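Structure provided below as structure tokens; questions to follow.
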Ligand code: OSB
Ligand code: MG
């Protein structure tokens, strides 16, 4: 592998209007915000990464302000001027920065893109270089779509039907306390055969076990993160009471969390969000863990812009990612996106891995400028 020398790093905080906001049990945003990280090498390559952070600490503890602060004052000084042999060296360089996984993941992703480009490789192939020999990426990632909380079952059904017509093969519905059984019942009655799953985003407690058991009758692929965002133990108490497999999202931040969860039976499926676990190096370790323990996994999303999404598509094309990922076509999120070309849904509910080197999509400088200006306008801090 050819190394890269990091000459400079630029930060581009952005806000993109969402085509369809995603209402969850913890809130709703009109804008997708992120800090775009641009790593510039001595050879003139720009590597792009996305620190996916929101305005509020609603999904995880990080925000736009903490992301910018930690990147500027702690992450960038550790990377600028460094020679990086391979992207998996980044966690070691950043070991003095604890936590802030989404933030660190954005910087690491930019290095991954730069390294893949320096080696004239697609990011998917550069990832696969760190897997056992013979494990090659597939042509695309099998994906589904995540649908926010709607006012009525009928509204939800209308959106599901639109997504099915577009070719999505797996539907995920957000639920919350008081908006669950009636929804699942209504959707199943109308669409008995679709591949359906629910995501509670941590809205329940173990005291709701009896209530949650009612979901077993709806033949769900899984229920994502029913209990607290920082709980593993009680998910281990809940899983044996349900037939529906529990998938953990919010509460798995590290390989260690995953080992504990595996050991106590707190999950049957993993939502692997590269941002949440601090980047792709750790994601690769977790992928290997899941393969070794026969835990199905899929790649989760944070409504990423084309920059973060392209990297997630590359990761989701790896063997070992066994269930449809939360990565949808560009038109589900933005019009326009920061990058070109758009991701479009292909045959088999897939997004194709682009052919170009690195993330394989091109950042549009004028749009980056526009979306940075939009961030300045809406930044309430
Ligand atoms: O819980 O998976 C989640 C988006 C923001 C925060 C949390 C979640 C989500 C999604 C989006 O479900 C999936 C996507 O990016 O399409
Ligand atoms: Mg989730």
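The values are calculated or read from the model by the stated rules, or taken from the named source; none is laboratory data. What you see is a predicted model; the values in this text were computed from it and never measured. Please note: Cβ atoms are built from the backbone with ideal geometry, for glycine as well, and neighbour counts cover all protein chains shown.
Among the residues of segment 363-381, are any crowded, with 19+ Cβ neighbours inside 10 Å and under 18 Å from the mean Cα position of the chain (by Cα)?
no
All but one of (1) buried (at least 21 other Cβ atoms within 10 Å of the Cβ); (2) in contact with a helix residue (DSSP H, G or I) (Cβ under 7 Å, 6 or more places away or on another chain); (3) under 21 Å from residue 196 (Cβ atoms) hold for residue 252; state the number of the condition that does not hold.
Condition not satisfied by residue 252: (3).
What's the number of the condition residue 342 fails, among (1) touching a helix residue (DSSP H, G or I) at 6+ places or on another chain (Cβ under 9 Å); (2) more than 13 Å from ligand 1 (Cβ to nearest atom); (3) in contact (Cβ under 8 Å) with a residue 60 or more places away in the chain?
Looking at each condition in turn, residue 342 falls short on (3).
Could you list, in sequence order, the residues of segment 95-125 that are surrounded by fewer than 24 Cβ atoms within 10 Å (Cβ to Cβ) and more than 19 Å from the chain's Cα centre (by Cα)?
Correct list: 95, 96, 97, 98, 118, 119, 120, 121, 122, 125.
Shifting gears a bit: Provide a single number: the residues in segment 128-141 that are touching a residue at least 12 places away in the same chain (Cβ under 8 Å), surrounded by fewer than 24 Cβ atoms within 10 Å (Cβ to Cβ) and more than 14 Å from residue 2 (Cβ to Cβ).
Number satisfying all stated conditions: 9.
Would you be able to tell me the number of residues in segment 182-214 that are away from ligand 1 (no atom under 16 Å from the Cβ) and either modelled with pLDDT under 95 or within 16 Å of residue 238 (Cα to Cα) (or both)?
Counting residues in segment 182-214 that are away from ligand 1 (no atom under 16 Å from the Cβ) and either modelled with pLDDT under 95 or within 16 Å of residue 238 (Cα to Cα) (or both) gives 10.
Are any residues in segment 113-127 in contact (Cβ under 8 Å) with a residue 24 or more places away in the chain and out of contact with any strand residue (DSSP E or B) (no Cβ under 7 Å at 6 or more places or on another chain), and if so, which ones?
If the condition is that a residue be in contact (Cβ under 8 Å) with a residue 24 or more places away in the chain and out of contact with any strand residue (DSSP E or B) (no Cβ under 7 Å at 6 or more places or on another chain), then 119, 120, 121, 122, 124, 126, 127 are the ones that fit.
Another one. Just one of 244, 195, 205 is farther than 25 Å from residue 288 by Cβ, in contact (Cβ under 8 Å) with a residue 60 or more places away in the chain and away from ligand 2 (no atom under 12 Å from the Cβ); which is it?
Going through 244, 195, 205 in turn, the sole match is 195.
Same structure again: Could you look through segment 226-241, keep only residues that are surrounded by fewer than 17 Cβ atoms within 10 Å (Cβ to Cβ) and more than 16 Å from ligand 2 (Cβ to nearest atom), and pick out the one that is nearest to residue 278 (Cα to Cα)?
233
Restricting attention to segment 7-22, report how many residues are farther than 19 Å from residue 335 by Cα and surrounded by fewer than 18 Cβ atoms within 10 Å (Cβ to Cβ).
Total meeting the criteria: 3.
In segment 278-294, is there at least one residue being closer than 29 Å to residue 92 by Cα and within 15 Å of ligand 2 (Cβ to nearest atom)?
Checked segment 278-294: no residue is closer than 29 Å to residue 92 by Cα and within 15 Å of ligand 2 (Cβ to nearest atom).
So residue 380 fits all but one of (1) in a loop (DSSP other than H, G, I, E, B); (2) closer than 29 Å to residue 160 by Cβ; what number is the exception?
Condition not satisfied by residue 380: (2).
Moving on to the next point. Can you spot a residue in segment 322-330 that is free of Cβ contacts under 8 Å to residues at least 60 places away in the same chain and more than 16 Å from ligand 2 (Cβ to nearest atom)?
yes
Can you find a residue in segment 215-225 that is farther than 28 Å from residue 155 by Cβ and modelled with pLDDT of 95 or more?
Within segment 215-225, the first condition is being farther than 28 Å from residue 155 by Cβ, and the residues that meet it are none.
Within segment 215-225, none of the residues are farther than 28 Å from residue 155 by Cβ and modelled with pLDDT of 95 or more.
Say whether the condition of being in contact with a helix residue (DSSP H, G or I) (Cβ under 8 Å, 6 or more places away or on another chain), assigned to a loop (DSSP other than H, G, I, E, B) and within 16 Å of ligand 2 (Cβ to nearest atom) is met by at least one residue in segment 144-153. Spell out the reasoning first.
Of segment 144-153, the ones in contact with a helix residue (DSSP H, G or I) (Cβ under 8 Å, 6 or more places away or on another chain) are 145, 147, 150, 153.
Pick out the ones that are also assigned to a loop (DSSP other than H, G, I, E, B) and you get 150.
Next, only the ones that are within 16 Å of ligand 2 (Cβ to nearest atom) stay: none.
No, the conditions are met nowhere in segment 144-153.
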